[in-house]
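What follows is a set of notes on a single structure, which appears directly below.
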Amino acid sequence: MPTSPGLRIGRILGIPIYVHSTWIFIFALITYYVKIQFAHDYPHWSTGQYWSMGVVTSVLFFASVLFHELAHSVVAQHYKIRVVSITLFIFGGVARIGRDPSKASQEFNIAIAGPLASGFLAVIFFGLIQISPSNESLEALAGWLGRTNGWLAIFNLLPGFPLDGGRIFRAIIWGLTKDFSRSTRIAGASGRLIAYAMIGIGIWGTFNGYVTQGPWLAFIGLFLLNAAHESVAQVTIRETLSGLHAADVMSHEVPTIPRNISLEEYGQEAARTGRRCHLVVTDDRLVGMMNIQSLNSVRRDEWPHMSVQAVMIPREKILWAAPEEPLLGLLERLISADVNQMPVVTGGDGDGAHIIGMITRDSILRVMQTRAEVGSLTATK
């Protein structure tokens, strides 16, 4: 999946819509592929018509992918699950939701909505051909989009997690076993089998005349294989961090500085300790954060005459954690914001915010590793 959302292009139903940089590649590839296909099927068209129809078809295809993801999102919102964003990228689209469904029936309904939406579009596009059978341009465009949406619906129904079919399969296993973790592992194993099959067929096709489809199918298989591994790993992380909160793993050693020291003094402190980030406090109250990047934004000859307070990151712009925040959600926030550490603060909504500790990605990873080792040791006894 995309590690960053990309360029925001709008908002639909309150959901931010993004286009990832990889989308540009696949958009150009589909446009070229459609142009070649139309040139073969309609040799009397002009070159300009081939390219214009290719671009329009590609735009409508990605609109179809967006419709597919919106179908998932609408059902998720029905169950009060927040949809963080929808991103179009090289393999189509992905809708990020704030949490996993709480019931197997919710998982099933959210997952099935996408293929049903694509199937619905296939029927609509084929219906357009019947309405105006003599319109050659409409026949070409609607025919391609109808077939593609039909295959998209069928492909997504494969029981390869995290495809929609894999999520449907997980929902069925979840409903039967009442065990989310076990159902995810079973669905993940199914996803790996599907991925290996796609990779094998893709390699075979590459050396047997399918020089375009073969590598692409193998590439998708590699993507699915990686996604299946990541999905199972997320369940393992959830189990490992279950029941832990920020206060359980935070460090009480918090690097702090007063806000009235000069940048020259701060530079000397950073050089002495090797710490690149300090919290700025007044009477143990968090007022801001200072780091090397902020220090270097000021000219060196101004350091002795300017205080930390003048260039620090103000408290209202700092990400912080409450001591009772679940560790899993906190780790997700650290990764999403691309930060390595976060202060743990009490009374953070008012002026009386007090720092009680510091939590880092490394400290969370150490807890995960220790718990995994202790768990494996316990299992052998």
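The values are calculated or read from the model by the stated rules, or taken from the named source; none is laboratory data. Computed from a predicted structure; not experimentally measured. Heads up, the Cβs are rebuilt from the backbone with ideal geometry, glycines too, and the neighbour counts pull from every protein chain shown. Please note that ligands, DNA and RNA were not included when accessible areas were found on the heavy atoms of the full protein model with its side chains. Shrake-Rupley method; radii C 1.70, N 1.55, O 1.52, S 1.80 Å.
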Considering only protein heavy atoms, what is the solvent-accessible area of Val287 at a probe of 1.4 Å, reported in Å² to the nearest 10?
30 Å²
Short version: ³J(HN,Hα) in whole Hz for each residue of segment 133-144, in order, from phi by Karplus 6.51 cos²θ - 1.76 cosθ + 1.60 (θ = phi - 60°), x for Gly and Pro, what are they?
x, 8, 8, 5, 5, 5, 4, 5, 5, 5, x, 5
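Based on the alpha-carbon gyration tensor of segment 168-263 and its eigenvalue square roots a ≥ b ≥ c, which shape applies: rounded if a/c is under 1.5, prolate if not and a/b is larger than b/c, or oblate?
Details: a/c = 5.52, a/b = 1.75, b/c = 3.16.
Judged from the Cα gyration tensor, segment 168-263 comes out oblate (a/c at least 1.5, b/c at or above a/b).
For the chain, what does -39500 (n - 2.57) per DSSP helix run (n ≥ 4), summed and divided by total residues, give at 222 nm, in deg cm²/dmol to the nearest 500?
-20000 deg cm²/dmol
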GNM on the chain, Cα springs under 10 Å; top mean-square fluctuation among Arg96, Arg361, Arg300 goes to Arg300
So, counting K/R as plus one and D/E as minus one, what does the shell of residues with Cβ under 13 Å around Ala337 add up to?
+1
Would you please classify the overall shape of segment 160-214 from the alpha carbon gyration tensor, given that a ≥ b ≥ c denote the square roots of the eigenvalues, rounded means a/c under 1.5, and beyond that prolate means a/b larger than b/c while oblate covers the rest?
prolate
Would you mind pulling out the separation of the Cα centroids of segment 118-187 and segment 239-262, in Å?
46 Å
Length gained if Val374 through Arg275 is fully extended, taking 0.36 nm per residue and subtracting the Cα-Cα distance, is 32.5 nm
Take Trp151, Trp45 and sort them by solvent-accessible surface of the protein heavy atoms, 1.4 Å probe, largest at the top.
Trp151, Trp45
Averaged per residue, what accessible surface does the chain expose to a 1.4 Å probe, in Å²?
53 Å²
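Suppose every K and R has +1 on its Cβ and every D and E has -1 on its Cβ; what is the size of the dipole of segment 258-366 about the Cα centre, in Debye to the nearest 20?
Result for segment 258-366 is approximately 320 debye, rounded to the nearest 20.
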Using per-residue counts of other Cβ atoms within 10 Å, averaged over each peptide, order 160-167, 32-39, 60-67 from highest down.
160-167, 60-67, 32-39
Nitroxide proxy distance, nm - points 7 Å out along Cα→Cβ at Arg238 and Ser137:
4.9 nm
Go through Leu263, Ile131, Leu193 and say which Cα lies farthest out towards the positive end of the charge dipole of the chain; charges sit on Cβ, +1 for Lys and Arg, -1 for Asp and Glu.
Leu193
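Given a Förster radius of 35 Å and the C-beta distance between Lys317 and Val55 as r, what FRET efficiency does 1/(1 + (r/R0)^6) yield to the nearest 0.05?
Efficiency, rounded to the nearest 0.05: 0.25.
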Per-residue ³J(HN,Hα) for segment 264-280, Karplus 6.51 cos²θ - 1.76 cosθ + 1.60, θ = phi - 60°, Hz, x for Gly and Pro:
4, 5, 5, x, 5, 5, 5, 5, 6, 9, x, 7, 9, 9, 9, 8, 9
Once you have a ≥ b ≥ c as the square roots of the Cα gyration tensor eigenvalues for segment 206-342, tell me rounded if a/c is under 1.5, and otherwise prolate or oblate according to whether a/b is larger than b/c.
oblate
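Could you give the length gained on full extension between Ile9 and Lys103, defined as 0.36 nm per residue of separation minus the Cα-Cα distance, in nm?
30.6 nm
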For Kirkwood radius over Cα pairs in Å, which listed value, (1) 23.2; (2) 21.3; (3) 24.5, comes from the coordinates shown?
(3)
Roll a 1.4 Å probe over the protein heavy atoms and report the accessible area of Thr22 in Å², nearest 10.
50 Å²
Mind telling me which of Ala111, Ala270, Ala28 comes out most flexible in a GNM of the chain, alpha-carbon contacts under 10 Å?
Ala270
Sorted by chain and then number, the residues having a modelled amide H within less than 5 Å of the amide H of Leu158, at least 5 places away or on another chain, are Gly165
Where labels lie 7 Å past Cα in the beta-carbon direction, separation of Leu222 and His40 in nm:
2.5 nm
In degrees, nearest ten, helix 327-337 long axis to first principal axis of the chain (Cα)
80 degrees
For His229, His245, give me the order by solvent-accessible area with a 1.4 Å probe, most accessible first, ignoring ligands, DNA and RNA.
His229, His245
